[in-house]
Every structure is written in C-alpha cells, then in structure tokens.
Amino acid sequence: MKTFRLIGIALLAIVLCVNFASCSSDDDEEPIKNDDGVITNQKRLMEIKETNAEGSIEIYTFSYDSKGRLISVTDSWNGKDYYTTRFTWGNNTIIATSDDDANTYTLTDNLVRKQQGDGEYSKVFTYNSSNQLIKVDEMDERHSSDDCSYTYTWDNGKMTKHIYKENNSEKSYVYEYTYNGKTCKGWFPNIEDESWTPLDDDYIFFAHPELIGMRTNQLPEQIFNKYTDKSEYYDEYYKETCKYEYTDEETTKFDYTLNKDGYLESCTVTYTSVETTKRSFTDKNGDGVITDDERNVTETRTRTDIVIYTFKWE
C-alpha cells in the first residue's frame, strides 16, 4: 500500500507540474503571426465605445475574415452609422476604401512602409531594430507647407516620448509618458493618444498595431505636453511694444479596468489643459514701473474633459 501511495503522489506531482507549466506558457505566450503579419493567438478587438461628458456615444465596430484580418470598421454616432471603411488584403498591400476616400498601405517584412492617399498625399514609416515605430513623415505635394513629422522614443517596450513637428516651422510639440508598471493582455488601443494622430485614418492599426510597430501591453499613467510661444508686437493703441507669452500645459491621465482574461475592459481618460497668456508693455518713462495694470495682464484658463472608453474582445 505504501508503494502504491508513493506512486500516486509521484503521478500527482507530475500532473501538477505539467498543468503549472501549461498555465505559465499561456500567460507568457509569445504572439504568433500569420503570413500577413497579423497576430492570431490573442483575442481580437471587436468594439471601441467612446462616451464623452455630454453623454454622446461613438462606437467603432470591427469585423474580420477567417484569417483574422480586419475587413471593415463601422463608425456610428449616437446609434446611427456614420461611415464604413473596408479593407482588401493583397500581396504586401492593404487597400482601405470608404465612401469618399481610399488609402493604399505598402508593406515590407510585415510592416507598413508607406501609405498613399488620394492625389499626392502620402506617409512614410520608419522603424528601429526592434521593429518599433520611430518616425512618420506626412507629405502633401500640393501643399508642402502642411508637411510634418512624428517621432517616437521607446524604452523596454514603453513609448517614453512623442514629438510632433511641422516642417515649415521651428516649433515642436513634445509629449512625455510616465508609467506605474501596469500592463494588459494583448494591447491598449490608445485612441486618445496624440501619437496615434497619423495612424487612425482608417483605424486599421487599432486592430493590427503590430503592422506599424505600435503593439505594446504597457499602460501609460500620464502623458504631459507643454507648449510655449513667445513674441513681440507693436501695439498701435498704446504706441508701445508688447511682449507676449502663451503657455499651454496639457495633462492626460488614464484609469484602467481589466476583464477576467486580463484584456482592457475600460479606460477613463481625464484631459486637462491650463492655458496662460501674459502681456507686458515696455517701460515708457524708464522708471522701471508700469502703472497701467490693464497693460500687464496674466490670464489663466483651465479646461477639463473626461472621456470613457470601453472595449470588447473575442
């Protein structure tokens, strides 16, 4: 009996070890891509629901083919379909068409390298050695003054900085990211993030962020941007030179809820903008004191918006 008992204990230990190894493998499972570069062993994003402070609801509904490739996104507003974008997959190309627009994405090694829109509008995508997106160049040959670029900085799977710059201007907008260690299964379709501005034309990358090196399970706690503009101008009324300074500090904070499988269930986004405007005039008589308070004004305006996103996965 003792021998049988020992054999039983040994078999139980083996079963437990196998089960434990299996669970660990599932939790740490590496993404598997098919021939189109689409990840097939994780849940698919089926819906994004956006509810703003006024109660308006916008819903993006995603549908896929038998290979797990996105074939359409329907955008509805307060229960009424607004438009649908459809996707046709070819050999290293994806064509997105809607009622009045068409975009062709060209891929190499399962990464989008170029997006060609109607006319002479295009984007070029650049990646680092880890296949993470590090730059998007936007070009319009008809209006070259609108050309701009987006650059991205990564550290261990986290995007730490995003910079937007207009090519015909010295000004740039720098967005800095902070994290507190939170992660999710799959990825975070960060529709509120300014870094997605050049990527959300057809929302295909919210379904397949791996195609542009933006698939990450890291959940940012906050995004901060500070923009300052300084200038001088001659005021015709006061007949004096005015020094003008404008500052806008934007803070975006995220609060997440995960479902039982570890995928993102909801995200509450709180956006705060603090705008400060300063105007000061030159010292007219040179005594170091400007007595007219109306000509030395500091104005501060604060605006807060809250948007709630909920997600469905299958």
#### Entry: Residues satisfying the stated conditions in the stretch 137-162, i.e. among the hydrophobic types (A, V, I, L, M, F, W, C) and either within 18 Å of Lys114 (Cβ to Cβ) or open to solvent by 50 Å² or more (accessible area, probe 1.4 Å) (or both)
Met139, Cys148
### Task
Would you be able to say whether some residue in the stretch 196-204 is aromatic (Phe, Trp, Tyr), part of a strand (DSSP E or B) and open to solvent by 10 Å² or more (accessible area, probe 1.4 Å)?
no
### Message
Being within 18 Å of Ser266 (Cα to Cα) and either touching a Gly at 6+ places or on another chain (Cβ under 7 Å) or assigned to a strand (DSSP E or B) (or both) is the filter here; which residues of the stretch 151-194 pass it?
### Response
Tyr179, Asn180, Gly181, Lys182, Thr183, Cys184, Lys185
### Message
With the requirement that a residue be acidic (Asp, Glu), open to solvent by 50 Å² or more (accessible area, probe 1.4 Å) and modelled with pLDDT under 95, what does the stretch 240-297 give you?
### Response
Glu245, Asp283, Asp287, Asp293, Glu294
### Filter result for Glu210 (surrounded by 15 or more Cβ atoms within 10 Å (Cβ to Cβ) and assigned to a helix (DSSP H, G or I))
yes
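The values are calculated or read from the model by the stated rules, or taken from the named source; none is laboratory data. None of the values given here were measured: they were computed from a predicted structure. Note: ideal-geometry Cβ built from the backbone for every residue, glycine included; neighbour counts use all protein chains shown. The area values use the complete protein model at the heavy-atom level, side chains included, leaving out ligands, DNA and RNA. Shrake-Rupley method; radii C 1.70, N 1.55, O 1.52, S 1.80 Å.
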